[in-house]
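Structure first, commentary second.
Derivation of every value follows stated rules applied to the coordinates shown; laboratory data play no part. Just so you know, these numbers come straight off a predicted model, no measurement behind them. For neighbour counting, all protein chains shown are included, and Cβ atoms are generated from backbone atoms with ideal geometry for every residue, glycine included.
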Amino acid sequence: MTDFHTTPSPAPLMGPEPFRFAPSPDVLEGPAFSRTFQGITVLTVLGSGYWLLRLWQQGKFGGDTGWEGLRSAGWFVMGWALLAWTAWHVLRSRVRIDATGLHQTWIWDKHQNLDELAYAKLLRVRGLEWLMAPRFYTRTLAGKFTVFYVTQPDMLENCRRLAQELETFRRM
């Protein structure tokens, strides 16, 4: 008599073993951009806003300092608004690394699962990290790439280690 209630054995996994990484500590989280970079960004927005306001007050947009002049400055005001919106995201952007992946809050949030990684590289100019945020470039097995901004020394070290371990893993 045949027993129809037995569970079949699980099928073997197809494909290579997924990449795994254990950051140290288990979860790292911090600002994506340095305080210096954030300060320069705020000064740029405030300075350009002040300059735009002064140009409008001087009648440089069609000779009118009223609503008509402001309408003439519309594209400049929209450009400044876009600059301010980006600066807001620079100020509040955070990056997180854990055992499942990388995540950054940004204009659009970015996420990269570690088990899908094919390539990773830390791009930075040593000594200028305070000015230019180092970038952690990742590419998936499907070819999608994502760039994460990383500024804290412990995150930089974990990103360097992750890229090194991934390269070793992919060579096997």
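Quick notes on this one:
- Residues in segment 141-169 reached by a label modelled at residue 111 [backbone nitrogen below 19 Å; 7 Å Cα→Cβ]: 141-149
- Diffusion constant of the chain at 10 °C, which comes from Stokes-Einstein with the Kirkwood Cα-pair radius and 1.306 mPa s, µm²/s: 81 µm²/s
- Between the helical axis of 74-92 and the longest alpha-carbon principal axis of the chain there is an angle of about 40 degrees.
- Put a plus charge on the Cβ of each Lys and Arg, a minus charge on the Cβ of each Asp and Glu, and nothing anywhere else: the dipole of the chain about its Cα centre is then about 700 debye.
- Placing pseudo-labels 7 Å out from each Cα toward the beta carbon at residue 100 and residue 42 gives an inter-label distance of 3.3 nm.
- Measuring r between the beta carbons of residue 126 and residue 35 and using R0 = 22 Å, the FRET efficiency lands at 0.70.
- Taking amide hydrogens as placed 1.01 Å from N in the peptide plane, the amide H of residue 118 sits under 5 Å from those of 139, 140, 141, each at least 5 positions away in sequence or on another chain.
- Using only alpha-carbon positions in segment 103-172, the gyration tensor eigenvalues give semi-axes of 20, 16, 9 Å once each is multiplied by 5 and square-rooted (largest first).
- In nm, spacing of pseudo-spin labels at residue 171 and residue 68 (7 Å Cα→C-beta vector): 7.2 nm
- Ranked packing of 89-101, 117-129, most packed first, by mean Cβ within 10 Å: 89-101, 117-129
- Lysines whose Cα lies under 22 Å from that of residue 144, excluding same-chain neighbours fewer than 8 positions away: 110, 121
- Segment 133-172-segment 28-99 distance, computed between alpha-carbon centres (Å): 31 Å
- Dimensions (Å) - segment 28-93, Cα atoms, principal axes, largest first: 53, 16, 11
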